[in-house]
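S.K.: First the structure, then my questions, so here it is.
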Amino acid sequence: MNQLMRLLGLGAIAAVLYEELRKPSEERTWQGKAMGFLPYDFRRPTTDALRAAYWDPDNETILTDKVFGIGWAVNFGALARRAGLVPPADEAEEPEE
């Protein structure tokens, strides 16, 4: 089973490289969807992108596009919100003046 997963992963990487390298260099974005559904992003990740992918309780989406690589990330903020560990944004405490 591990060999099958490795083979599928390598196949996905090959598909992404094929898609990007067949474009003229000025049109390569190094992000998109391989085979029409599998998200990929090989740009340098930013702090904001990492936070949006892995901790965004205001976004109800649990599976977000991975910040770097191929596949999906888990939005732990959405999971925490659903588990009641993080209050909804409208119930969050406002800073006192």
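S.K.: Can you pull out every residue in region 70-91 that is touching a residue at least 24 places away in the same chain (Cβ under 8 Å), within 29 Å of Glu20 (Cβ to Cβ) and buried (at least 16 other Cβ atoms within 10 Å of the Cβ)?
M.R.: Ile70
S.K.: Within region 39-59, count every residue that is closer than 30 Å to Val86 by Cα, of a type outside the set (D, E, K, R) and either in a loop (DSSP other than H, G, I, E, B) or over 10 Å from the mean Cα position of the chain (by Cα) (or both).
M.R.: 6
S.K.: Residue pairs, Cβ under 9 Å, 6 or more apart or interchain, first in region 30-44 and at positive phi, second of a type in the set (Ser, Thr, Tyr) and surrounded by 12 or more Cβ atoms within 10 Å (Cβ to Cβ). List them.
M.R.: Pairs that qualify, where the first residue is at positive phi and the partner is of a type in the set (Ser, Thr, Tyr) and surrounded by 12 or more Cβ atoms within 10 Å (Cβ to Cβ), are Trp30/Tyr40; Gly32/Tyr40.
S.K.: Continuing with the same structure: Mind counting the residues in region 1-32 that are more than 16 Å from Gly69 (Cα to Cα) and assigned to a loop (DSSP other than H, G, I, E, B)?
M.R.: The number of residues fulfilling the criteria is 4.
S.K.: Next question. Is it the case that region 2-23 has a residue that's acidic (Asp, Glu), loosely packed, with under 14 Cβ neighbours inside 10 Å and more than 30 Å from Asp90 (Cβ to Cβ)?
M.R.: no
FYI, it's all coordinate maths here, none of it is from the lab. This structure is a prediction, so every number in the text was calculated from the model and none was measured. Every residue, glycine as well, gets a Cβ built from its backbone with ideal geometry; the counts of neighbours run over all protein chains shown.
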